[in-house]
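**Q** The structure that follows is given in the form of C-alpha cells.
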Amino acid sequence: MLSAVPVTSRRGVLAGGAALAALGVVVSACGESSPKTPAVEDLLGPLDEAKRDSALATAAAAAAGNPPQITAALTVVASQRAAHARALATEIARVAGKVESSSSETTNPSPTDAAAQPAPPPPPPLPDVVSSLRTSAESASRLAATSSGYQAGLLGSIAASCSVSYSVVLVPAGPTP
C-alpha cells in the first residue's frame, strides 16, 4: 500500500515563515513598553532651566573683570540657552495643541519704568553659571532617556550643549606653553 505523503511547496514554506515572522513582530510589540512622550508638564522644567541659564549667563557676561574670552563664551551660552527655551516653548505648544505666534513677547520699557525699578542684583560668579548648566544637563539627560522621537532628540541635544558649555566652553584657558 502506498501512503500519501503531504507535498510541501516552496511557496507554502515561505508563506508560513512570513506569517510566523509577522506574528512574532506583533507579539513582541505588545510585550515591549516603548518610551513615553513627555507630557507638557515634564517639559516645563527644562524650559524654566533654559530661561534661568540664559539670564544667568547674560548677567555674568555683563560682569566687569571677566577675561574677554569668558565674556564672549558667556554670551554664546546665553544665546544657546535662549534658543533652547524657544525650541522647548514651541514643542510645548505643539504637544498642547496650540499654535504659537511668531510675535515677540518683549516690550520696551518706558523711561519712567526704568527709574522706578530697583537696581539689578550683582552678576553671578562663573561657578554659579557652571553649576546651573550642570544641573540642566543632568535633568535634560534623564528626561531624554524616558522620551522618544523628536522630544528625545531635542532633550539629548540640550543635555549635550549644556555639558559642552560647562565642561569645555566656560573653562578658563590655562597657561599656554
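Quick grid of which residues meet (1) assigned to a helix (DSSP H, G or I); (2) modelled with pLDDT of 85 or more; (3) touching a Ser or Thr at 6+ places or on another chain (Cβ under 8 Å); (4) surrounded by 15 or more Cβ atoms within 10 Å (Cβ to Cβ):
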{"position": "V7", "(1), (2), (3), (4)": "no, no, no, no"}
{"position": "A15", "(1), (2), (3), (4)": "yes, no, no, no"}
{"position": "C30", "(1), (2), (3), (4)": "yes, no, no, no"}
{"position": "L47", "(1), (2), (3), (4)": "yes, yes, no, yes"}
{"position": "A50", "(1), (2), (3), (4)": "yes, yes, yes, yes"}
{"position": "A55", "(1), (2), (3), (4)": "yes, yes, no, yes"}
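**Q** Further question on the same structure: When you scan segment 102-177 for helices (runs of 4 or more DSSP H) that lie fully inside it, which ones turn up with 3 or more residues that are hydrophobic (A, V, I, L, M, F, W, C) and at pLDDT 90 or above?
**A** Those helices (runs of 4 or more DSSP H) span 126-145, 149-164.
**Q** Within the set of pairs 6 or more residues apart or between chains, which connect a residue that is without any contact (Cβ under 8 Å) to a residue 60 or more places away in the chain and more than 23 Å from A55 (Cβ to Cβ) inside segment 122-150 to a residue that is basic (K, R) and in a loop (DSSP other than H, G, I, E, B) with Cβ atoms less than 8 Å apart?
**A** Once the first residue is without any contact (Cβ under 8 Å) to a residue 60 or more places away in the chain and more than 23 Å from A55 (Cβ to Cβ) and sits in segment 122-150, no partner that is basic (K, R) and in a loop (DSSP other than H, G, I, E, B) comes close enough.
The values are calculated or read from the model by the stated rules, or taken from the named source; none is laboratory data. What you see is a predicted model, and the numbers here were worked out from it, not measured in a lab. Cβ atoms come from the backbone with ideal geometry, glycine included; neighbour counts cover every protein chain shown.
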